[in-house]
Each structure stands twice: as C-alpha cells, then as structure tokens.
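**Q** Take a look at the following structure, please.
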Amino acid sequence: MSKRHIVFIINPKSGVERQKEINQAIAAHLDEKNYSHEVWNTAYAKHGIALAREAADKGAYAVVAVGGDGSVNDIVQGLIGTNTLLAIIPKGSGNGMARTMRIPLNVAEAIKVINKGNVCEMDVAFANGKPFISNAGVAFDALISKKFAKCERRGLMVYSWLVTKYMWLYKERDFKITVDGKEYHSKAFMINVANGQQFGYNFKIAPMASFTDGVLDVIIIRKFPKILGGTLVVRAMAGSIAGSPFVQHLTGKEITISNPLLKLMQTDGDAHDCLPEIKFTIQKGAQKVIVP
C-alpha cells in the first residue's frame with residue numbers, strides 16, 4: 001500500500017527555532033511507515049491559501065496548518081471543496097479552534113493525533129462569503145484583533161493588557177441583528193458569531209458552540225458597567241458567560257448584523273474592513289479535519 005502524503009505549511013517568519021522544532025518533531029514522531037511528507041513555507045500574507053490549493057491539486061492526503069486560527073483559516077480557504085484533509089499543529093497565540101477540537105498544544109502530541117487519522121466533518125462559516133472556522137466579530141473583539149496584530153510581542157499578557165485598556169475606552173453601538181428572519185436590536189459592546197468555542201487562551205466566548213452541528217451561535221454582550229468587566233472575563237474562563245445578565249445567546253443558520261457606521265470586523269482573529277451589513281451563513285461538514 002502506498003504511503004499517504006502530508007504537506008506541512010509553516011510561516012518562516014515564526015522563526016528559525018520554531019521551524020527547527022517542527023522539523024525535529026516530524027522526524028521523531030510522524031509514522032513514516034504510513035505517511036510521506038513535505039514542509040512548505042509561506043512567502044507572504046495569505047500565501048497559505050495558494051499552497052493548500054496546490055497541495056490538494058497534487059493529491060495530498062492532508063495539509064497541516066502549523067500556526068494559529070489565522071493560519072488554519074488560510075489553509076481551509078485553499079482546501080474547501082477538495083478531498084484533502086485539514087490537520088492542525090497549534091503554534092499561534094491563542095489557538096482557539098485547536099483548543100475547541102481538543103488538539104494538543106504540544107507539537108509531538110499533535111503529530112501523534114495526525115498518525116491516528118481520526119476524521120470528522122467540520123462546519124465552515126462565511127461572513128459575506130469570506131470563510132471562517134472559529135468565530136467572527138464586529139465590535140470590541142474586532143478592535144482588539146486590530147490592535148493585537150500591530151503588537152510586536154504576542155501572548156496572553158499582551159492580549160489581556162489590550163482588553164483591559166480598551167474596555168474602558170470603547171463606546172457601545174446600536175446594532176440590528178437578524179437571526180433566521182427574526183429581528184433584534186441591541187446596544188452592544190460586542191457581538192460574536194461563533195462556530196468554535198473560544199478566542200483562545202481558554203477565553204470561551206461561546207462555550208456551548210459545536211463545530212459539527214450546522215448552526216452558528218451568536219453571543220451579544222450588551223452595554224454593562226465597566227467596573228464589572230472582570231466578572232465577564234471570569235465567566236468566560238469558567239465557560240459560563242452566557243449566564244451573565246448582560247449576555248444574550250442566539251442560534252441560527254443565517255445571521256445578518258448591520259450598523260450604518262460599521263467598518264471593521266474580525267474573522268478568526270484577523271481584523272479587516274467590512275461593509276455596514278454582514279450576512280453570516282454556515283455550510284455543514286464542509287471540511288474534513290483530523291481530530292483526536
């Protein structure tokens with residue numbers, strides 16, 4: 001029986017030591033009796049999309065996204081509609097989707113998951129046609145994603161500092177939210193549309209979400225006394241944020257969010273410009289993924 005071919009896609013800007021770590025882990029732990037492999041490097045932003053598509057066109061069994069949710073997003077954009085599997089080695093800052101899928105953060109253990117080859121069908125969500133796999137947001141989280149991207153340093157401490165700083169400065173906005181035809185209005189601090197459960201760092205914005213149920217979870221954090229911001233963080237870490245009196249939880253397959261001044265959103269932690277009205281949809285089981 002011929003070996004199944006796996007392509008690992010890495011961003012070389014992540015550093016020489018990380019690449020060395022990945023290569024050593026592959027050599028030590030990938031089941032070479034059943035799998036052959038290549039390691040490809042991205043050369044520019046979003047290059048992962050083209051590389052994943054190329055790997056699929058060449059008949060790769062799986063493409064491994066080595067990175068965080070943004071890297072996984074790129075690989076999915078390249079793979080969607082093909083027969084090539086997605087796999088993940090979590091090496092981003094928050095690793096929200098990998099944590100949702102319970103993929104180990106340890107590189108060797110993540111490779112062992114790939115060896116076992118357990119496959120499930122992951123839902124893929126879309127924001128005005130742009131795919132995302134974990135979550136998307138149009139308010140406070142979009143601002144934090146933009147600020148975080150500009151930081152030279154990464155990690156939980158930097159992320160927490162940004163959240164604390166801008167929570168006090170951020171002004172809530174009035175949004176119209178339509179979920180499967182039913183209209184809601186809310187003065188919201190944050191609106192997050194989730195396929196996965198968390199931003200990362202175990203900050204669970206939608207702990208009830210499932211990436212295999214064909215439904216999107218909408219978390220609306222309404223205007224709240226900023227002095228109580230810490231309690232919302234504690235609830236998120238404990239997986240009970242939906243129990244807050246300032247939080248509304250909705251579910252649906254088609255969601256529209258609009259505000260005349262809306263210009264910024266985030267998808268899988270990547271902040272970018274958007275239209276004043278965003279339509280969210282979900283495609284059930286659109287991408288096969290290797291999970292524990």
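Coordinate-derived values only; no laboratory data. These numbers were taken from a predicted model, which means no experiment stands behind them. Positions of Cβ are generated from backbone atoms using ideal geometry, with glycine treated the same way; all protein chains shown enter the neighbour counts.
**Q** Arranged by the count of other C-beta atoms within 10 angstrom, fewest first, what order do Leu86, Leu30, Leu156 take?
**A** Leu156, Leu30, Leu86
**Q** Using Cβ contacts closer than 10 Å as the measure, can you line up Thr256, Thr84 from fewest to most?
**A** Least to most surrounded, the residues fall as Thr256, Thr84.
**Q** Tell me which of Pro90, Val7, Met167 sits at the most positive position along the dipole axis of the chain, charges placed on C-beta atoms (Lys, Arg +1; Asp, Glu -1).
**A** So the residue furthest toward the plus end is Met167.
**Q** How large is the charge dipole for the chain, taken about the Cα centre, if only the Cβ atoms of Lys, Arg (+1) and Asp, Glu (-1) carry charge, to the nearest 20 debye?
**A** That gives a dipole near 640 debye.
**Q** Using the 10 angstrom Cβ neighbour count as an exposure proxy, how do Leu79, Leu261 rank, fewest first?
**A** Arranged by neighbour count, lowest to highest, Leu79, Leu261 become Leu261, Leu79.
**Q** Along the Cα→Cβ direction, 7 angstrom out, place labels at Tyr44 and His249. What is the inter-label distance in nm?
**A** Placing both labels 7 Å along Cα→Cβ, they lie 4.4 nm apart.
**Q** Right, here's the next one. Roughly how far apart, in whole Å, are the Cα centres of the stretch 22-36 and the stretch 41-95?
**A** 18
**Q** Here are some pairs, Lys20/Lys91; Lys91/Lys165; Lys58/Lys91; Lys20/Lys204; which of them have Cα atoms lying more than 22 Å apart in this structure?
**A** Check vs 22 Å cut-off fails for Lys91/Lys165; Lys58/Lys91; Lys20/Lys204.
**Q** Then there is this: Dipole of the stretch 133-242, Cα-centred, from +1 at each Lys and Arg C-beta and -1 at each Asp and Glu C-beta, to the nearest 20 debye?
**A** Computed about the Cα centre, the dipole is about 560 debye.
**Q** How big is the Cα convex hull of the stretch 242-292 in projection, averaged over all directions, in nm²?
**A** Dividing the Cα hull surface by four gives the mean projection, 6.0 nm².
**Q** Just in the stretch 1-91: which trypsin sites (Lys or Arg not before Pro) are loop by DSSP and have at most 11 other Cβ atoms within 10 Å?
**A** Those that pass, being in a loop and sparsely packed, are Lys33, Lys58.
**Q** Along the stretch 155-165, what does the Karplus equation 6.51 cos²θ - 1.76 cosθ + 1.60 (θ = phi - 60°) give for ³J(HN,Hα), rounded to whole Hz, x for Gly and Pro?
**A** Rounded to whole hertz, the list is x, 5, 5, 5, 4, 5, 4, 5, 4, 5, 5.
**Q** Could you compute Rg(Cα) / (2.2 N^0.38 Å) for the stretch 1-135, with N its residue count?
**A** That ratio works out to 0.97.
**Q** Put one equal scatterer on each alpha carbon of the chain, apply the Debye formula with no solvent term, and list log10 I(q)/I(0) at q = 0.09 1/Å to two decimals.
**A** -0.42
**Q** If I histogram all Cα-Cα distances within the stretch 82-210 using bins 5 Å wide from 0, what percent of pairs lands in each bin?
**A** Going from the shortest bin to the longest, the percentages are 2, 9, 16, 19, 20, 14, 10, 6, 3, 1.
**Q** Specify whether the C-alpha gyration tensor of the stretch 130-284 places it in the rounded, prolate or oblate class, a ≥ b ≥ c being the square roots of the eigenvalues: rounded for a/c under 1.5, otherwise prolate if a/b is larger than b/c and oblate if not.
**A** rounded
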